[in-house]
Amino acid sequence: MTTAHRTCPLCQAVCGLRLTLDDAGHVTNVKGDGEDPFSKGFICPKGASLGRIDEDPDRLRRPMVRTGEQWREVSWDEAFAEVERGFTGVTEAHGRDAVAVFFGNPTYHTMAGFLYRMPLIQSLNTRNVYSSGTLDHMPKHVAVGHVYGDPFAISVPDLDRTDYLLIIGANPLESNGSLAAAPDYPRRLKELRARGGKFVVVDPRRTRTAAFADDHLAIRPGTDPCLLLAIVDTLLTEDLATVTLDVNGLGELRELAAEFPAPVAERICGVPAEDIVRIARELAAAPTAVVYARIGASTVEFGTLAHWLVEVINVLTGNLDSTGGAMFARPATLEVYRTGQPFRTGNFHSRVRGLPEALGELPAATLADEIETPGEGQIRALITLAANPVLAAPNGPRLDRALEDLDFMVCVDPYLNETTKHANVILPPPRITQMPHYDFLLSMVTVRNYARYSPPVLPLDPGQRSEAEIMGRLTLIAAGAGAAADPAGVDEMIIGQLLEGAVQMPGSPVAGMDPAVLRATLEGDSGPELLLDVLLKFGGHGLSLAELKANPHGIDLGPLEPRLKEILCTASGRVELAPPAIVDDLARLRAHLAAPAPEVVLVGRRQLRSSNSWLHNVESLVGGSNRCTLRVNPADVAKFGLGDRAVVRSARGELVVDVETDDAIRPGVVSLPHGWGHAGGRQRVAVATSGVNANALTDEFVVDVPSGNAVFNGIPVTVSPYPA
Ligand SMILES: Nc1nc2c(c(=O)[nH]1)N[C@H]1C(S)=C(S)[C@@H](COP(=O)(O)OP(=O)(O)OC[C@H]3O[C@@H](n4cnc5c(=O)[nH]c(N)nc54)[C@H](O)[C@@H]3O)O[C@H]1N2
Ligand SMILES: Nc1nc2c(c(=O)[nH]1)N[C@H]1C(S)=C(S)[C@@H](COP(=O)(O)OP(=O)(O)OC[C@H]3O[C@@H](n4cnc5c(=O)[nH]c(N)nc54)[C@H](O)[C@@H]3O)O[C@H]1N2
Ligand code: SF4
Ligand SMILES: [Mo]
């Protein structure tokens, strides 16, 4: 029996886990790591199932190649040679833009997903870069990009010190938090209360988080910008604002907000005006307060407007970059993603729908258009890395058909599932316990500064390839270096670039030094470890890999501290409260509000034991409360005469669903979780679960225009009994 410690990679809470393994290397027990200074022993049912997830017999262990309907296992060399053939065939015949790449959610949780993303994109040299970013948080990047100049100026609620937390469209008691990494939300929210604080939830459903809150406003989906504008209007007309930062646009903001006083917002949002005014006054009066918004205010038609207004309110109440308010974490690794240049979108546009690029990506909502529409630049090949867009992207069934028509597809994924079944080659990464782990991206959004490195618990099997090597080889193939080139060359190239940048940076502690001398001081047993070492050494806390290895439970790096001055990079040097690129989108909101509101709208929900589309193959995580059902208010069940099942129709599709009566949901709103409807793959448990693909109802033609983000909440639908 051995004990190993590692960070759980399954969600954004970054919990430390303590694994017990038997002599054969099987995980026999998983507990929260009580010695982790951040998670202090917290664990959820997914973390507790890590062993079952890791040893799932349906996980692919060797590369797979498909001929027609037939799959066969092949050697790694054969697989990479096949990838090279497919890739060069397409680029030689149709050019670089004919190859698209799609980075899915788990790439935010793996070292390889962070370290090799840019090298792969650069060597692909295609405009067709897609990710789950445009299914999730692109509105946040675009909003903060325009307000602070830096699209990575992502603040988090200073959860452990705030006196007042307004949560908009997030359900951290089930999701365990998002873009605000905070293991054990329940404890942290209890502590907020215990110190005399208060928290309020805005959500069309009385979620577990809302039920636990002091106050719950059951808003009509998609209308948050109006509620937030009414809060801004109250703050400004009642003279409650305390702006402590240098800002532009206050006058314009006052005029814009005046269009949406609380009584107007009441009619649009279905939230009483006096509640809106009270919340505004409470936000202003609390010693410290913070507004925090997630999916329910992001994957909506006006997600960028909502996220802009969240920033505006945090600035107006004097809580941005201030203790107990919205603060920026200081990660331990070098923040390579910050360019210091003012942000803009639309550096290029998508070919078919003319949608603007954001952060170098095109919207996932237009991927099917780009595959199906003939002409110069049509996508003929696709590389997916940890992505299941058939279940995750709007109008998934259309993508399912479009993927069928590709000339070549390669997937880096442990499963043969709804998306990867279309691949010509599947390259499986190792098991979780065989991977090193460091949260490069999540440490940008921790509610306390914190660092933890987890070396692999188990070695690779003979001949197996690490995810870093897989991505390194894809990078080399795309660069034309061939399937046999040594991927260590990619690591050395990145290390060289980082060291070169560091010695050239004025004021850097290593300015003017010889990169080769610095290279010799780096330590690490693999490419990712060497890269982590260099990023730590030039990072904000001056750490090293050796120090992290000496502290296997993680290192607490202290409470968040103000740092907007370092991050702010607008052209004006001020916080832009009314950036034209965002304010212009209010015209679209006005036009939307002028049309009649639909009688019923669909929203999603996250489930404690799911992780988007990929944990439904583990028996302990499905069944019981974790089912794919349509939640309907009893008044609507009666109104539409529903029985156990119902037909839900939208502009894009229709589904027959199991109905669950739920008085916690607002009348006129129905909720269906995503990531279900498993079909056509080799995940035996998942395929046997009932459930439907919620994204058969979502509409790829409706997006949040400034960010191109997909819309999953507030979808107009009709609901009728089944059978009729
Ligand atoms: N257990 C579990 N945890 C997860 C995941 C998972 O699948 N399962 N997924 C992970 C991922 S990828 C992410 S991005 C995060 C997301 O983390 P969260 O955003 O906290 O998760 P959701 O449950 O999607 O919460 C969105 C809430 O918004 C509400 N809502 C819907 N429409 C509106 C609206 O128009 N306005 C308002 N105000 N609210 C609305 C929904 O009812 C829902 O309760 O969770 C992560 N964690
Ligand atoms: N209707 C609706 N749709 C939604 C949402 C919603 O709320 N409602 N939420 C959206 C959001 S926020 C997100 S983030 C997306 C998520 O959607 P995706 O980005 O597609 O992510 P997942 O469904 O989590 O899993 C993607 C794939 O990663 C594979 N995988 C798991 N671990 C690893 C690994 O270590 N390495 C590799 N290479 N692969 C791995 C899995 O087998 C799976 O095939 O869904 C979006 N879709
Ligand atoms: S809350 Fe998230 S990080 Fe923590 S154990 Fe559960 S899945 Fe893992
Ligand atoms: Mo997400």
Problem set entry | Distance violations [Cα-Cα > 23 Å] among LYS140/LYS565; LYS31/LYS549; LYS46/LYS198; LYS40/LYS537 | LYS46/LYS198; LYS40/LYS537
Exercise. Computed over the Cα atoms of the range 487-567, what is the convex hull's projected area averaged over all directions, in nm²?
Worked result: 6.6 nm²
For this session: Take every DSSP beta bridge with both residues inside the chain and express the antiparallel ones as a percent of the total, to the nearest 5.
Result: 55 percent
Seminar exercise, completed: Per residue, the convex hull enclosing the Cα atoms of the range 598-721 spans a volume in Å³ of 117 Å³
Exercise. If you place +1 on the Cβ of every Lys and Arg, -1 on the Cβ of every Asp and Glu, and leave all else neutral, what size is the dipole of the range 2-54 about its Cα centre, to the nearest 20 Debye?
Worked result: 200 debye
Problem set entry | Burial order of peptide ranges 299-312, 380-393 (average beta-carbon count within 10 Å, highest first) | 299-312, 380-393
For this session: Counting only heavy atoms of the protein chains, get the accessible area per residue of the chain (1.4 Å probe) and round it to a whole Å² value.
Result: 35 Å²
Problem set entry | Cα gyration tensor, the range 1-49 - rounded (a/c under 1.5), prolate or oblate | prolate
Seminar exercise, completed: Quick shape check on the range 278-348: root eigenvalues a ≥ b ≥ c of the Cα gyration tensor, a/c under 1.5 is rounded, otherwise prolate if a/b tops b/c, else oblate, and it reads oblate
Exercise. If contacts are Cα pairs under 8 angstrom and at least 6 residues apart, what is the relative contact order of the chain in percent?
Worked result: 20 percent
Exercise. Size of the chain along its principal axes in angstrom, Cα-based, largest extent first?
Worked result: 67, 67, 56
Problem set entry | Solution diffusion estimate, µm²/s, Stokes-Einstein, the range 547-631, Kirkwood Rh from C-alpha pairs, 10 °C, viscosity 1.306 mPa s | 80 µm²/s
For this session: Compute the FRET efficiency between ARG278 and GLU376 as 1/(1 + (r/R0)^6), taking r as their Cβ-Cβ distance and R0 = 45 Å, and round to the nearest 0.05.
Result: 0.20
For this session: Identify, among GLY675, ALA273, PHE640, the residue whose Cα sits farthest towards the positive end of the charge dipole of the chain, taking +1 on the Cβ of Lys and Arg and -1 on the Cβ of Asp and Glu, with the dipole about the Cα centre.
Result: PHE640
Exercise. Semi-axes, largest first, in whole Å: what does sqrt of 5 times each Cα gyration tensor eigenvalue give for the range 685-724?
Worked result: 26, 17, 6
Exercise. With the Cα gyration tensor of the range 620-665 giving a ≥ b ≥ c as the square roots of its eigenvalues, does the rule (a/c under 1.5 for rounded; else a/b larger than b/c for prolate; else oblate) give rounded, prolate or oblate?
Worked result: oblate
For this session: Work out the length of the dipole vector of the chain about its Cα centre, built from +1 on the beta-carbon of each Lys and Arg and -1 on the beta-carbon of each Asp and Glu, and round it to the nearest 20 debye.
Result: 1120 debye
Seminar exercise, completed: Per-residue ellipticity at 222 nm attributable to helices in the chain (runs of n ≥ 4 DSSP H, -39500 (n - 2.57) apiece, nearest 500 deg cm²/dmol) works out to -8500 deg cm²/dmol
Exercise. Can you pull the percent of the chain's accessible area that's carbon plus sulfur, 1.4 Å probe, other chains left in place?
Worked result: 52 percent
Seminar exercise, completed: Rh_Kirkwood(the range 291-419) over Cα pairs, Å, one decimal, evaluates to 18.0 Å
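The values are calculated or read from the model by the stated rules, or taken from the named source; none is laboratory data. On a predicted model such as this, the values are computed, not experimentally measured, just so you know. No Cβ is skipped: glycine too gets one built from the backbone with ideal geometry, and neighbour counts run over all protein chains shown. Only protein heavy atoms, including side chains, enter the accessible area calculation; ligands, DNA and RNA are left aside. Shrake-Rupley method; radii C 1.70, N 1.55, O 1.52, S 1.80 Å.
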